[in-house]
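Asker: Submitted below is the structure of interest, expressed as structure tokens.
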Amino acid sequence: MDLEKLVEQFKAKDIQAFEKLYEMYHHSIHGVIVNIVKKHDVAEEVMQDVFVKIWQKSDSYSKQKGRFFTWILNIARNAAIDTVRSKGYKTEKQNLSTDSFVDTIAGHDRLEHTTDAIGIKKFVEQLTETCKAIIDLLYFKGFTQSEASETLEIPIGTVKTRNRSCIKSLRAIVLR
């Protein structure tokens, strides 16, 4: 069946057309979402929401504005970005501690065998408390420098300076 006809049937709320389009595109859409949210379970939820949204807004697709796949892809990308920017997602990310992250890495078989988990826990533990806090927020919890500045209640310039200094200290410890 030709894609144009399938899309027209989909726009007319034909469930079989929707199912065919889902089968055609769900792997690609899931891949895009996973690349943004980095978690398969969250990506599954976002993908489900995306396909519900395209079903509900099927009449808003116009072939004059672009390809059908591009339309779905933009909806998926925007939904994934909205999820990452959501307060709940950020809160979950902030609740991770450096210790659990390092333990997760150390317990992961492939990483342990290929890199000996870089021994990162022993290196980070040798840093000052200030450096541990900066590295924990910026590298383990994925905060932006602005978010770290707000969390630590220090100017962003200080975060940047401390980050450079802490990375330099960490590099010196690792290269001893």
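Asker: Just checking, does the stretch 93-113 include any residue being modelled with pLDDT of 65 or more, out of contact with any Lys or Arg (no Cβ under 7 Å at 6 or more places or on another chain) and of a type outside the set (S, T, N, Q)?
Answerer: no
Asker: Name the pairs whose Cβ atoms lie under 8 Å apart, with the first residue in the stretch 22-40 and under 9 Å from Ala80 (Cα atoms) and without any contact (Cβ under 8 Å) to a residue 12 or more places away in the chain, the second part of a helix (DSSP H, G or I) and open to solvent by less than 30 Å² (accessible area, probe 1.4 Å), and 6 or more positions between them or separate chains?
Answerer: If the second residue must be part of a helix (DSSP H, G or I) and open to solvent by less than 30 Å² (accessible area, probe 1.4 Å), the pairs left are Val34/Ala43.
Asker: Hey, can you tell me all the residues within the stretch 143-176 that are of a type in the set (A, V, I, L, M) and not in a helix (DSSP H, G or I)? Outline the logic, then answer.
Answerer: Let us first name the residues in the stretch 143-176 that are of a type in the set (A, V, I, L, M), namely 148, 152, 154, 156, 159, 167, 170, 172-175.
Across the stretch 143-176, the qualifying residues are Ile154, Leu175.
Asker: In addition: I'd like to know if the stretch 30-49 contains one or more residues that are over 29 Å from Leu138 (Cα atoms), part of a helix (DSSP H, G or I) and at pLDDT 90 or above. Even if it seems obvious, please write down each step before you answer.
Answerer: First, pick out the residues of the stretch 30-49 that are over 29 Å from Leu138 (Cα atoms): 48-49.
Those still in the list that are part of a helix (DSSP H, G or I) too: 48-49.
With the extra rule that they be at pLDDT 90 or above, the set shrinks to 48-49.
For the stretch 30-49, residues over 29 Å from Leu138 (Cα atoms), part of a helix (DSSP H, G or I) and at pLDDT 90 or above: present.
Asker: Also, quick follow-up: What is the number of the single condition among (1) of a type outside the set (D, E, K, R); (2) within 17 Å of the chain's Cα centre (by Cα); (3) exposed (fewer than 13 other Cβ atoms within 10 Å of the Cβ) that Val37 does not meet?
Answerer: (3)
Asker: Restricting attention to the stretch 132-147, does a residue exist that is open to solvent by 90 Å² or more (accessible area, probe 1.4 Å), within 25 Å of Lys38 (Cβ to Cβ) and modelled with pLDDT of 85 or more?
Answerer: Of the residues in the stretch 132-147, the ones open to solvent by 90 Å² or more (accessible area, probe 1.4 Å) are 139.
From what is left, the residues that are within 25 Å of Lys38 (Cβ to Cβ) are 139.
Applying the additional criterion that residues be modelled with pLDDT of 85 or more yields none.
Scanning the stretch 132-147, I find no residue that is open to solvent by 90 Å² or more (accessible area, probe 1.4 Å), within 25 Å of Lys38 (Cβ to Cβ) and modelled with pLDDT of 85 or more, so the answer is no.
The values are calculated or read from the model by the stated rules, or taken from the named source; none is laboratory data. Just so it is clear, the model here is predicted, and its values are computed rather than measured. Every residue, glycine as well, gets a Cβ built from its backbone with ideal geometry; the counts of neighbours run over all protein chains shown. In case anyone asks, the SASA skips ligands and DNA or RNA and just uses the protein heavy atoms, side chains included. Shrake-Rupley method; radii C 1.70, N 1.55, O 1.52, S 1.80 Å.
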